[in-house]
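S.K.: Shown below is the structure under consideration.
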Amino acid sequence: VEDDEMARLVMGTRYQMMIRKFYDYVDQALMNIRGRTEKIDTCTGNRRSMVAVSKQRQKEALAFLDEYVCDPPQWLFRPDLFCRFQIDERLNMETVFMQLVNSLLSKLKFGSTIDYTQEEFLSDIRHIIFKEWETGEQVGEARKILQRLYIKELKKMATADHEDYLITLWTLGELDEILQLAEQYVSRTEDKGYAHGVINSIKNWKMKEQ
């Protein structure tokens, strides 16, 4: 019995380490988005300065998030293993989604760069979170959680006070884009209940806030 308990503890520790390592990779990718990196100028005696992360690198970070976070590995986030090894529920898949959404939307306060506008940035986010809507494919349950969280946080940001009024305009504009995309999606999907639910939630919210 003691050996079984020790094995469970060891496996639980290793499992939690894998989850935390996954969170570390997510953090590293997010740091590249609207982030800054060190540049060494050899023409001025190796002078170091901080410059904005390149647009290409930011898009590569978004591609990573699209592949590994928007569709997280199901073998890693298993409720049965969370229960068996008594893993902190704050490390679950929904928390990963919340971290992703909050971090991406917080980048709006940094403003546009010359070659990467906020409009293009938000369009890229919309593409990775709602890509099934663009193709008419079925939306999985995990992706629905992510989509609902993103819409929920956009609504919160749209009604919050910001030093930069453009943040309010960007978030309102993004909700309009999602609404338009949802209305297109409803005609192409069999899951019309979900699509109509999204449409109604945005329309009802807009009526309430007017």
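The values are calculated or read from the model by the stated rules, or taken from the named source; none is laboratory data. It should be emphasised that the depicted structure is a prediction, and the values quoted were computed from it without experimental measurement. Here the Cβ is made from the backbone with ideal geometry for all residues, glycine too, and neighbour counts use every protein chain on show. All accessible areas refer to the heavy atoms of the entire protein, side chains included, with ligands and DNA or RNA removed. Shrake-Rupley method; radii C 1.70, N 1.55, O 1.52, S 1.80 Å.
S.K.: What is the calculated FRET efficiency for ILE114 to TRP75, with r their C-beta to C-beta distance and R₀ = 45 Å, to the nearest 0.05?
M.R.: On the way: r = 42 Å, r/R0 = 0.93.
After rounding to 0.05, the efficiency reads 0.60.
S.K.: Full extension from LEU91 to SER201: what is 0.36 nm times the residue separation minus their Cα-Cα distance, to one decimal in nm?
M.R.: On the way: separation 110, 0.36 × 110 = 39.60 nm, distance 2.81 nm.
That pair, LEU91 and SER201, stretches by 36.8 nm at full extension.
S.K.: Once you've got the GNM for the chain with C-alpha springs shorter than 10 Å, pick whichever of TYR165, TYR116, TYR25 has the biggest mean-square fluctuation.
M.R.: TYR165
S.K.: Filter LYS59/LYS206; LYS59/LYS156; LYS144/LYS208; LYS107/LYS155; LYS152/LYS203 down to the pairs with a C-alpha to C-alpha distance above 20 Å, please.
M.R.: LYS59/LYS206; LYS59/LYS156; LYS144/LYS208
S.K.: Starting from the Kirkwood radius over alpha-carbon pairs of the chain, derive D by Stokes-Einstein at 25 °C in a medium of 0.890 mPa s and give it in µm² s⁻¹.
M.R.: Rounded, D is 127 µm²/s.
S.K.: Here's something else I'd like to know. Classify region 50-108 from the C-alpha gyration tensor, please: rounded if a/c falls under 1.5, else prolate or oblate depending on whether a/b exceeds b/c.
M.R.: prolate
S.K.: Can you give the helix-only mean residue ellipticity at 222 nm for the chain, where every DSSP H stretch with n ≥ 4 adds -39500 (n - 2.57) and the sum goes over all residues, rounded to the nearest 500 deg cm²/dmol?
M.R.: Values: 9 runs with 139 residues, N = 210.
About -22000 deg cm²/dmol.
S.K.: Restricting to Cα pairs below 8 Å that are 6+ residues apart, what does the relative contact order work out to for the chain? Please round to a whole percent.
M.R.: 16 percent
S.K.: Given labels modelled 7 Å from the Cα in the Cβ direction, how far is it in nm from THR159 to ASN102?
M.R.: About 1.9 nm separates the two model spin labels.
S.K.: To continue, here is another question. If you roll a 1.4 angstrom probe over the protein chains with everything in place, what fraction of the accessible area of the chain belongs to carbon and sulfur, to the nearest %? Don't skip to the end; give the middle numbers.
M.R.: Numbers: 6550 of 12500 Å².
For the chain, the apolar C and S fraction of the accessible surface comes to 52 percent.
S.K.: Additional query: For the chain, set up a GNM with springs between Cα atoms under 10 Å and report which of MET93, MET17, MET157 has the largest fluctuation.
M.R.: For the chain, modelled as a Gaussian network with Cα springs under 10 Å, the answer is MET17.
S.K.: Now, a different point. Please work out the average accessible area per residue across region 153-210, using the 1.4 Å probe convention, and give it in Å².
M.R.: 60 Å²
S.K.: Using R₀ = 45 Å, calculate the FRET efficiency as 1/(1 + (r/R₀)^6) where r is the Cβ-Cβ separation of GLN210 and ASP24; round to 0.05.
M.R.: The computed FRET efficiency comes out at 0.55.
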